[in-house]
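Here is the structure we will look at, set down as structure tokens.
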């Protein structure tokens, strides 16, 4: 049997060798996924540990409520040790503890009880070598003195040396006993007496109760570990208060210093060298006491008083990077939760959970592109193996007939197939993981220039083994399907299979399976896409298989689409080829007739090029998208958003502009509103921006349909101050006017803007119906020179219920204090009077006549105000909008409309359209851009108050980012500050992520080039074997060798060119879709504009050049072979 298998393989060595080589390459690269992702996770863990302070890489537990009772301290020690051993397992190395006493008065002979005197604290440690470096320790000191050591620096500062005696009283603030302890005992005695007087007993204090007083007492007794009546009596009637003196006699035995680069304990100065508590206080002293002495001497004096204690858990950080498959985050969280239950007074301090959580989040993001790459590689290699299986089994049909004629059973024929796959597949499956590890190490070391530590060339992970076995089973399964489907004898032994040509109807198109599969693939894709989007909004973890299935669904849809359109393309070619010469016509006819056969060639090239485009774009696109999105969010280097409704004052802006390193500051006022006056129009974001902001705001070519300078050509930094100038000698303003009807409670206002920017509405009194009544007002509290910017009518009424009338205006007179006329201004002069919109829209109109002008007022108003103002833009403030605004509002370029924002009806006119603009909010699909000068002028007129920018955009020089950030944070404390560098730093597109994508991309790109080349050559071989009969007939009917060269080049060229074009187009589309989904996972750079697609065309062009070279070589070689064919032998063989 094995001899037969070997001989069969020998006869088909060309295609079989290509099959097994492609299987080896595909298996090698696919199983490299777990190993490579493991190395990436190790790198992320190491980066997180390296960027974390050494002391917080361990775990510390602290409490300020540790009772000064040895049994209690030992119990807490045991609790922490047991929980660490149970939950942290292999991470936990050892436990160390520190306990610190309360303050004591001390002195060399007697304690100094002065308020500003130095205070003493005692510290005890169970593993002293982990905390301090003992430099000198003298032996042979008197046994009746308590031996202590102190920090050398503090001993020198306080004039203490080894051998000095120190006396400390037992409790701070008293010669005998702590006042707090006394008061506790007194309160407890008083409560018991009062409780017993009401009929209660002491036994009730140890029973469950709803009485708040008893609950409070029970909590206090629990703190002092009083569990029964005897302990209660001992505590109340204790003998401590009978001791007249409890001074502690100490002797300095030695000194210690800080351990350099101590990774376990980093609070040496805070604990042993604390600063003075006040300006006039002496430096405090901290002495280290043996733990046995600590409890022997201090516990009897202050039993139960709360002291501060620390426990430090030494963590083996190497385990985090060695055992990357273990979920250490859950272990750390379990430890913290169990600590909260078992030791609720303690606080767990560590950054290990943050490191583990960040690693998981970053891995979820980094894994997505890697899974996409391996998914594409899996789909393509499966297609390639299916093609080879089809081609090989197509040749074996005659051989299977021969076996059945020789009496071989169906089971025997199937055994040949199984043994063949086992004989060749298992050795490949065994060696593939080792080749995979070697390739990964080579790429990491030589291409990424990183130490490949952690990638063991002789270690095979369980995941890799399962993937390798699964890939072998999948490949053999597809091959078995063709083995059975192409040989009817395996289904019905009474029926011999006819060795027919390769021309047969495509089963997918015949039964419309391609349509059903394509629709199913698209539905699966959209379902998975919605899962990705919903996981972002709900902050849920995303299954790692999601990004493995997403590209698979897209590629399956692409295959079904190509199966349907490729025959159509060849039929169209056949129609046009009828007008060409014979070789082209014959080749076109052959292609259209055998479209199912050439479909394999088309799929290998098109899917390969499409996948090649996707892979070559992932790294560059995601890296570029991160920078683009952070620039889009911040608009420049910094973006300051003020929370106050009054905006940012000029003095702060000027101070920022004067800072060294600040190149330019742009101003912006962001508002939201609706089109129209009812509030039901298109909701949009309105940005008032100045020229500086336009200059420094980041943009991209696809943001505008024309140049940026052309779009914002009307923006300027020149001051915009429309209005009639009022000099200092103007004392009074007269306005000649009258109304066409008698009015009640309608007043004429003159709106004046002072030199200081203050807006004032001056009332000239009621409007009369008598012709040419003169209304006057004196100018008070106005900063000169000022400007008259508007004439308004005020009527106390609702917005839509004002009285319509015509206001005739003749002239404005400026009068000095002597009642002399300074200037007369007629209303019919060309002063650019513009109507104020109202709640009824543009219901105010102006008519000019020889006497002046007529102001026609309708029913609408703005809080009772109507009128007109001076403006250079009588059709409204020119704005730039995006296409969504035009679509939603149905207002086109050049049209005038009203925008309702911040209580004002703003007249506007669409001037131009753009696609995107940095800084716009993703909450709104549409936006408007207006010149801040024009918007400020109008808003101040209507709101009668200063209109300041509420956002600043800052461009800084290189190298001063940090200093500028410090200044902005200090001077804008209540503002939201967006720092471009910090956003990029917090992005999940980290340097490690970029490096990991770079490494896996280069591996997969070479894999694709090799696999495409193998599929390319394999199809050429199979096609020439299948076309030998056609070539013989062509030779027999007189087709010249040159014509056969043309036919060969044309057939393959048509398929290759069409496949490359389809692959390029589909690859670009799929790249955009997948890059957008991956980038959406990075919440820190979430924006409303499309991701950048950057394709590494160097790799793509290289792949196309390789295809072109293979095309030229293979076409020439096999065309040459076809011209040397023996006609009679080929015909005999066919017969």
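Is one or more of the residues making up the stretch 621-635 touching a strand residue (DSSP E or B) at 6+ places or on another chain (Cβ under 8 Å) and either under 19 Å from residue 551 (Cα atoms) or buried (at least 22 other Cβ atoms within 10 Å of the Cβ) (or both)? Taking every residue of the stretch 621-635 in turn, at least one turns out to be touching a strand residue (DSSP E or B) at 6+ places or on another chain (Cβ under 8 Å) and either under 19 Å from residue 551 (Cα atoms) or buried (at least 22 other Cβ atoms within 10 Å of the Cβ) (or both). Residues that are closer than 18 Å to residue 880 by Cβ and touching a helix residue (DSSP H, G or I) at 6+ places or on another chain (Cβ under 6 Å) were ranked within the stretch 915-952; the one that is surrounded by the fewest Cβ atoms within 10 Å (Cβ to Cβ) is 915. In the stretch 156-163 there is at least one residue matching the filter, namely being in a helix (DSSP H, G or I) and at pLDDT 90 or above. Tally time: how many residues in the stretch 789-828 are without any contact (Cβ under 8 Å) to a residue 60 or more places away in the chain, over 24 Å from residue 759 (Cα atoms) and surrounded by 14 or more Cβ atoms within 10 Å (Cβ to Cβ)? Result for the stretch 789-828: 2. Within the stretch 113-127, being surrounded by fewer than 18 Cβ atoms within 10 Å (Cβ to Cβ) and touching a strand residue (DSSP E or B) at 6+ places or on another chain (Cβ under 9 Å) holds for 113, 114, 117, 126, 127. Any residue in the stretch 697-716 that is exposed (fewer than 15 other Cβ atoms within 10 Å of the Cβ) and over 30 Å from residue 1090 (Cβ atoms)? Within the stretch 697-716 (the criterion being exposed (fewer than 15 other Cβ atoms within 10 Å of the Cβ) and over 30 Å from residue 1090 (Cβ atoms)), the answer is yes, since at least one residue qualifies. Screening the stretch 272-318 for residues that are part of a helix (DSSP H, G or I) and farther than 30 Å from residue 221 by Cα and picking the one that is modelled with the highest pLDDT gives 272. Candidates 135, 147, 153: the one that is in a strand (DSSP E or B), in contact (Cβ under 8 Å) with a residue 24 or more places away in the chain and surrounded by 13 or more Cβ atoms within 10 Å (Cβ to Cβ) is 147.
Criterion first (surrounded by fewer than 23 Cβ atoms within 10 Å (Cβ to Cβ), under 30 Å from residue 558 (Cα atoms) and either in the same structural domain as residue 28 (by TED's automatic domain parsing) or at pLDDT 80 or above (or both)) does residue 399 satisfy it? When the stated conditions are applied, residue 399 does not pass them.
Within the stretch 764-789, being closer than 21 Å to residue 743 by Cα and in a strand (DSSP E or B) holds for 764, 765, 766, 773, 774, 775, 776, 777.
The set of residues in the stretch 1051-1080 being within 29 Å of residue 547 (Cα to Cα) and free of Cβ contacts under 8 Å to residues at least 24 places away in the same chain consists of 1061, 1065, 1069, 1072, 1076.
Rundown of residues vs (1) under 33 Å from the mean Cα position of the chain (by Cα); (2) part of a strand (DSSP E or B); (3) outside the structural domain of residue 790 (by TED's automatic domain parsing), yes/no style:
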| position | (1), (2), (3) |
| --- | --- |
| 924 | yes, no, yes |
| 930 | yes, yes, yes |
| 933 | no, no, yes |
| 939 | no, no, yes |
| 952 | yes, yes, yes |
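What number of residues within the stretch 621-652 satisfy the criterion of being part of a helix (DSSP H, G or I) and over 23 Å from residue 917 (Cα atoms)? Residues meeting the conditions: 3. Just the residues that are closer than 13 Å to residue 367 by Cα and in a helix (DSSP H, G or I), please, taken from the stretch 975-997. Selection gives 992, 993, 994, 995, 996, 997. Counting only residues that are farther than 13 Å from residue 926 by Cβ, crowded, with 20+ Cβ neighbours inside 10 Å and either outside the structural domain of residue 931 (by TED's automatic domain parsing) or in contact with a helix residue (DSSP H, G or I) (Cβ under 8 Å, 6 or more places away or on another chain) (or both), the stretch 877-904 holds 2 of them.
Only residues that are out of contact with any helix residue (DSSP H, G or I) (no Cβ under 9 Å at 6 or more places or on another chain) and surrounded by 16 or more Cβ atoms within 10 Å (Cβ to Cβ) were counted in the stretch 649-669, giving 1. Applying a threshold of 9 Å to beta carbon distances and a minimum spacing of six or more residues, or different chains, the list of pairs starting in the stretch 521-550 at a residue that is in the same structural domain as residue 1078 (by TED's automatic domain parsing) and ending at one that is part of a helix (DSSP H, G or I) and at pLDDT below 65 reads 542/536. Counting only strands (runs of 3 or more DSSP E) wholly contained in the stretch 670-758, the ones carrying 2 or more residues that are over 42 Å from the mean Cα position of the chain (by Cα) occupy 724-726, 732-739, 747-753. Checking residue 614 against (1) at pLDDT 90 or above; (2) not in a helix (DSSP H, G or I), only one condition comes out false. Which one? Status for residue 614: all satisfied but (2). The residue that is nearest to residue 188 (Cα to Cα), counting only those in the stretch 234-245 that are at pLDDT 70 or above and surrounded by fewer than 17 Cβ atoms within 10 Å (Cβ to Cβ), is 236.
Applying the criterion of being exposed (fewer than 13 other Cβ atoms within 10 Å of the Cβ) and at pLDDT below 75 to the residues of the stretch 216-233, the residue that is farthest from residue 188 (Cα to Cα) is 227. Filtering the stretch 74-89 for residues that are outside the structural domain of residue 994 (by TED's automatic domain parsing) and at pLDDT below 85 leaves a non-empty set.
The values are calculated or read from the model by the stated rules, or taken from the named source; none is laboratory data. Keep in mind it's a predicted model, so treat the numbers as computed, not measured. Quick reminder, even Gly has a Cβ in these numbers, built from the backbone with ideal geometry, and neighbours come from all protein chains shown.
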